[in-house]
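The values are calculated or read from the model by the stated rules, or taken from the named source; none is laboratory data. Computed from a predicted structure; not experimentally measured. Cβ coordinates were reconstructed from backbone atoms using ideal geometry, including for glycine residues, and neighbour counts include every protein chain displayed. We work out accessible area using only protein heavy atoms, side chains counted, and drop any ligands, DNA or RNA first. Shrake-Rupley method; radii C 1.70, N 1.55, O 1.52, S 1.80 Å.
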Amino acid sequence: MSRTTLEPGAKAAPPNPAVPAVGQPALRKIKKSKLAYWLITPAGILELLIHIGPMLLGIWIAFISLNQLNLTNWLNAPFVGLQNFVNGLNPESTIGQAFFSTLGRTLLYTVVVVGCSWILGMAGAVFLSSNFRGRTVLRTFFLIPYALPAYVGTIAWAFMFNQRDGAVNQILVDVFGLFGGERPFWLLGENSFTAMLIVNIWQLWPFAFLMLLAALQNVPGDVYEAAALDGASLWKQFLTITVPMIKPANVVLLLVMCLWTFNQFNIPFVLFGATSPKEATLISPLIYQNSFGSWNFGLGGAMSVLLLLALLIASASYIRLVMPKEKDNA
Amino acid sequence: MKMILKAAAAIAATTALAFTLGGCGSSSQAAGGGDTITYWATNQGESVEKDRQILAPALERFTAATGTKVNLEVISWTDMYNRILTAVTSGDGPDVLNIGNTWAVTLQETGAFEPVEGKLLEAIGGKDRFVQSAWGTSGAPGKAPTSIPLYSQAYSLYYNTKLFKEAGITEAPKTWDEFVADAKKLTKDTNGDGKTDQWGITAAAGAVTSGAHQAFIRGLQNGGGLFDDAGKPTFNSAAQTAGVKQWVDLMATDKVMAPADAEISQGSNAVTNLIDGKAAMLFDQNPVKNFKSRDFQDWAVAPMPVVSLSDTGDKATHSFVAGSNVSIFKNSKNKDAAIKLAAFLTSDAEQVYLNDAYTSLPSVKAAYNDPKFQNDAAKQKQNTLAEHAKPMPLISKEGQMETLVGNAVKALFAKAATGTVSQQDIEKALTDANNQMAAAQ
């Protein structure tokens, strides 16, 4: 995943005075590095157990025919090669069509959720990094959606979106008289996608806010003062000072938010139950439906592997393309 | 600093990726050994808490008689299937558990449950003690069953007698046409605000399983069926499509079911609509327990409407043979005690106690002699089970069938609530479900 452009920096390491090993006996150096390995061993083993193991298992499942007949004895499930991938990817089949349309929808969903969350988070962070009365109160207030357990927040939204007696329709229809007095459904049909977007943005933007707020604290105030003296407008200051200076934080933030959103499962599951409306089916719930709804674990596994590959390639190219540039800025 | 950020990004990416694959968790507890066994019960009463109160004295009697303690967990229907699935996969589950009887064959195929033969069959007193139709749901024909009928249920038409009287309807509809005509009479705006606030029928139109049940019943009544004789899915046959159309049309075309019902995924919410007078009729297996807890008196029960009264055989189907069965987990470390518990739950005395408490029907014949099962509702259900009920298809992929057909019906109701549903929409939904079923077979 890492790129060779890093190497000039790495090669320059020995003369770096910050590295304590310089000028010390070689023996001590080795001991030190051994200690480091010992220290990371427990974490390494746990990582293998918790993440890598299930991941490899998931890849294996994609190549076998796993259903209720062989579930108890899954190690002996028949190997079917690429059959699961063929079933899942055939654009002629119902399953394949659902997979591709869901993939497209999930991409759109990710772009909208991350985009809106980032803009809201950025606006909130810039707003709260200036000094004014009640700043701490607002800061706490903004963080509530993030502090609430995800399920609790989503269940509350599900109640509010209820067509007959939900708060959303009461406010929009009864108070403001929108939709011509007809209560729209938020959890069924086309609106379900919007409802899911709203809940996810509500839940995600405080995280962006928190990260960006922290990043903004590191931008020295005198840079702004100098820029203001030179006559730079606030907008110009934002574009030429704030954005470049918090770029390292932004890069990581966007990556993490994109991955979380692309894999979103909890929100649709709590809002809609085991099966999402067709208009709001995301990729993770689709995999769940294929695996648990129809007991077709091979197909679910194949879709997971495809998803893994897609995300791996996307993340790797992102890190390759975006990360080294900041190095030049530094 | 940049290096750290880069590493952090890489770690974050790997972690997030790992989560996409490592989704399947296990949460089952260790199977009880020694003097304690674990029992997973399905939710039969109006709440999980109520079920605990009903089961506690029965299990105390069991402990008093055998010295074995029972660690009880009551699990809601929405979670039960996945809980069982997890237990089956990990091989680490309860000693004794209840299952929905329509899953019996699917779960039998997993091989995770103890076959009901030999010592176990002897302990429960042989199969002749049981009501024949209920015993028919215990597993696939020709194989040793892996579950024992515990509670029996059937669909009936329940209606609000006060609303019937107000609309001038003197008796329950017998045919589908009468039913729709009555439902139209009962659908009205009672407070004059221009909006309908009383509906002919209510249903949990957002529930997957009840959608599958109605598709099964209406399909048979129209001369269709979900599978042909060779076991191939026929969800989209003309007759089956006509059956599903009748059911969805109640909301889409006849406008006698509230669009809001498309959001109801819990059966008890539909029962509440009937009690509150928001709707006049309801197809349900067992709403009486909810009626009792709300002290609701203005109800009556009738057989499910049929397409034509002269129909016989499959076309005269009112219900599937519904209910819960009890199974013993093969991996149980205390099989003797598990067998004793299964025998205890299906004993005459406990069958009377439990089925009376849950207002369901006993699965053993002798329990019917008790006066508790001589009332109208119980007799109605007995008649349906004896004369007009067929088991859901006894095939290994029953669970998949329920999910696929039920989701298709649920999606059609969602479409009816937010727009219109055409004949083509119904055909397409059922064809898609049919293709997925065929691909999975």
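Assorted remarks:
- A probe of 1.4 angstrom, applied to the heavy atoms of all protein chains, finds A:R320 with accessible area near 120 square angstrom.
- Peptides B:205-215, A:247-257, B:376-386, B:419-429, ordered by how many other C-beta atoms sit within 10 Å of their residues on average, highest first, read B:205-215, A:247-257, B:376-386, B:419-429.
- Ordering of B:51-63, B:84-96, A:37-49 by packing [mean C-beta count within 10 Å, highest first]: B:84-96, B:51-63, A:37-49
- Here, region B:226-299 is characterised by an Rg to Rh ratio of 1.11, where Rg is the alpha-carbon radius of gyration and Rh the Kirkwood radius.
- Virtual paramagnetic centre 7 Å along Cα→Cβ of A:L148, amide N under 12 Å, in region A:174-199: A:199
- Per-residue mean of foreign Cβ neighbours for A:149-162 is 0 (Cβ atoms of other chains, 10 Å radius).
- Length, then width, then depth: along the principal axes, the Cα atoms of region B:233-374 run 56, 43, 34 Å.
- Values of log10 I(q)/I(0), in the order q = 0.15 Å⁻¹, for region A:186-330 under a Debye, Cα-only, solvent-free model: -0.90
- Extents of region B:113-195, largest first, come to 66, 24, 21 Å (Cα atoms, principal axes, whole angstrom).
- Per residue of peptide A:184-191, the mean number of Cβ atoms on other chains within 10 Å of the residue Cβ is 5.
- Under 24 Å between alpha carbons - lysine pairs in region B:234-293 that sit 8 or more apart or on different chains: 5
- Region B:332-387-region A:144-223 distance, computed between alpha-carbon centres (Å): 48 Å
- Fraction in percent of alpha-carbon pairs per bin - 5 Å, region B:150-190: 5, 19, 29, 21, 10, 7, 5, 3, 0
- Range of Cα positions in the protein assembly as shown per principal axis (Å), largest first: 95, 68, 52
- Mean shadow area of region B:335-398 over all directions, Cα convex hull, nm²: 6.0 nm²
- Rounded, prolate or oblate (a/c below 1.5 giving rounded, otherwise prolate when a/b exceeds b/c) for chain A by Cα gyration tensor: oblate
- Region B:245-276 and region B:188-208 have their alpha-carbon centroids 7 Å apart.
- For region B:206-280: relative contact order, % (alpha-carbon pairs under 8 angstrom, 6 or more apart): 30 percent
- Here r is the Cβ-Cβ distance between A:Q170 and B:E60 and R0 is 30 Å; the resulting FRET efficiency, rounded to 0.05, is 0.05.
- Among A:112-121, B:228-237, B:406-415, the peptide with the highest mean count of other Cβ atoms within 10 Å heads the list, and the full ranking is B:406-415, A:112-121, B:228-237.
- For region A:143-225, the equivalent ellipsoid built from the Cα gyration tensor has semi-axes of 35, 15, 11 Å, listed from largest to smallest.
- Computed over neighbours whose Cβ is under 14 Å from that of B:I328, the net charge equals 0, Lys and Arg +1, Asp and Glu -1.
- 10 Å Cβ neighbours from other chains, averaged over peptide B:258-269: 3
- Volume of the Cα convex hull of chain B, divided per residue and given in Å³: 190 Å³
- Over 23 Å (Cα to Cα) - which of B:K162/B:K410; B:K143/B:K330; B:K188/B:K381; B:K50/B:K365; B:K232/B:K428; B:K340/B:K379 fall in this group: B:K162/B:K410; B:K188/B:K381; B:K50/B:K365; B:K340/B:K379
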